[in-house]
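Structure first, commentary second.
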Amino acid sequence: MYGSMRAFIDYQMERMNKSRIPHHIYIPKDNKVYRVRDEDIIDFLRSKRIREVYLENAPTEWLYNLLDNSFKIYILRFKRLIKEYRKKYNMKKNHENDATLLYIIYKDNPRKFGEYHKRELYDPSIQKYKAILRKIAKIRQMRDDGYEEYIEQLSVIEKKLLNEANKLYKRLKRKYKRILERFPEFEGTYGNLLYFMSLIPEVNSFRGARSFLIYLGLRTRCRIWNREARQALIEIAYKFAKKQGVKYKREKPNWKFIRKIALMIFQILRDGGG
């Protein structure tokens, strides 16, 4: 039967100091939305003989749990579609309707979902390191914007964050020494390189270099790409270019050079493993 092995999940986040709302799961063959507790999700999907799961998004750790239990995962490519379809079908915003809308979107065009693969490098510490750098950048921007009355306070906070970032970076370099040793020419970009690897799917999940470039929006007529991964790649290329004396401006990236860097990373990962 059509859709008999698929489930469409409106994932529910954990809530601070509140009981977690069950996930709402639409099963096409039953034409029914089920309310399932998070701890029961694997057993429920198995009992329904589900093989493919479709959802808007969920935390990486949660997605990995499904992948480790042999489920295929498909993520909605455009988050705005839920809102557009809700309006199109005049459906109220609630968990049950949103689970059903995912199925309606799939019926219209399955390509509106993209298969989710494990990341080339998954480590929450990498995300934490990047988050600290963003805070530092924000503080520096505030200082540049003229928050003179808070200069002293901002400097104290910045110093504390810099110490935390440096300690974390050193730990990450030690932890992933064997991986980074494959990229000697990228020294000086290791923080961004690790972050980039935490955003891209396992390199062996790509059909080839062309599909890797498409994922990063580096081929002509690319309509869908991972903007966060491409931005991390742009930063890698910028630092790499500066080191190599290559002409490159952040505000006007050298796309030919960026594609070259992307292919270098792809080849190293493909030849040496992730």
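The values are calculated or read from the model by the stated rules, or taken from the named source; none is laboratory data. Since this is a predicted model, take the numbers as computed values, not measurements. Virtual Cβ from ideal backbone geometry, glycine too; neighbours counted across all protein chains shown.
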- Message: For ILE42, only one of the following conditions fails: (1) in contact (Cβ under 8 Å) with a residue 40 or more places away in the chain; (2) farther than 16 Å from GLU115 by Cα; (3) among the aliphatic types (A, V, I, L, M). What is its number?
- Response: (1)
- Query: Can ARG250 be described as touching a Lys or Arg at 6+ places or on another chain (Cβ under 8 Å), modelled with pLDDT under 90, surrounded by fewer than 16 Cβ atoms within 10 Å (Cβ to Cβ) and in the same structural domain as LYS128 (by TED's automatic domain parsing)?
  - Reply: no
- Item | helices (runs of 4 or more DSSP H) lying entirely in segment 128-232 (those with 1 or more residues that are closer than 22 Å to LYS256 by Cα) | 190-199, 209-215
- Query: Which residues, taken from segment 250-274, are within 16 Å of PHE183 (Cβ to Cβ), without any contact (Cβ under 8 Å) to a residue 12 or more places away in the chain and part of a loop (DSSP other than H, G, I, E, B)?
  - Reply: GLY273
- What are the residue pairs meeting all of these: first residue in segment 135-164, first residue under 25 Å from GLY191 (Cβ atoms) and assigned by TED's automatic domain parsing to the domain that holds GLY191, second residue of a type outside the set (Asp, Glu) and not in a helix (DSSP H, G or I), Cβ atoms under 7 Å, and 6 or more apart or on different chains? LEU154/TYR147
